[in-house]
Amino acid sequence: MAQTALMRVDDRTEALRESVSELLSMDEPRKRFAAMMSGLGFHYDLGEGHPLLGRRVPDLDLVTASGPVRVFTLLHDARPVLLNLGEPGRFDITPWADRVQLIDAKYDGAWELPAIGAVAAPVAVLIRPDGYVAWVGDLAQVGLADALTTWFGPPVTA
């Protein structure tokens, strides 16, 4: 709607268009506008916690035991992913293994999110099939079982 409003032809709109053009010449406003227009700035309110929670995960270049892979490649099968960036083997999601992939990986670099910029690197993230982060945590795994159950159903018992 804002873009459409800027298409009007009158003196007020021309003044507004000049102001917006000036803002878009600056990095921070340009990043925010791009995030809004692309939908990458969208944030689901999933509670308090890490800035990644409820946001689209960035498409990072990861290194796994099987070789390099990008985050979005892990989502091609439309299955959720628990991405462990800490010590391999620290997470046990056996009761959800039929529904959720557990990937141990490494990433060396900054976590840059559209609209908000750099965030602290997480130890682990639970990524929904649509690419949004459902849980962010550490090796304490606080809330992981709840997030797995909420998003992907109850655990399967043997």
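Read-outs: derived from the displayed coordinates by stated rules, not from any lab. The model shown is predicted, which means the values in this text are computed figures rather than measured ones. A quick note on method: Cβ atoms are made from the backbone with ideal geometry, for glycine too, and the neighbour counts reach across all protein chains shown.
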Alpha-carbon Rg with Dmax, taken over region 25-158, Å: 15.1, 59
Placed amide H near Leu82: partners under 5 Å, 5+ positions off or other chain: Gln101, Leu102, Ile103, Ile127
Pairwise label distance in nanometres, Lys106 with Asp130, each label 7 Å out on the Cα-Cβ vector: 3.5 nm
Unit charges at the beta carbon, dipole of region 1-156: most positive-side option, Val20, Ala145, Ala5: Ala5
For the chain, calculated [θ]222 nm from helices alone, where every DSSP H run of n ≥ 4 adds -39500 (n - 2.57): -7500 deg cm²/dmol
Where labels lie 7 Å past Cα in the beta-carbon direction, separation of Ala97 and Ala78 in nm: 2.5 nm
DSSP-defined beta bridges in the chain - what % are antiparallel, rounded to 5: 85 percent
Cα gyration tensor shape of region 52-97, rounded if a/c is under 1.5, else prolate or oblate by comparing a/b with b/c: rounded
Inter-probe distance in nm under a simple model that places probes 7 Å from Cα toward Cβ, at Val156 and Leu16: 5.5 nm
Derived scalar couplings ³J(HN,Hα) [region 50-57; Karplus, 6.51 cos²θ - 1.76 cosθ + 1.60; whole Hz; x for Gly, Pro]: 4, x, 6, 4, x, 10, 6, 6
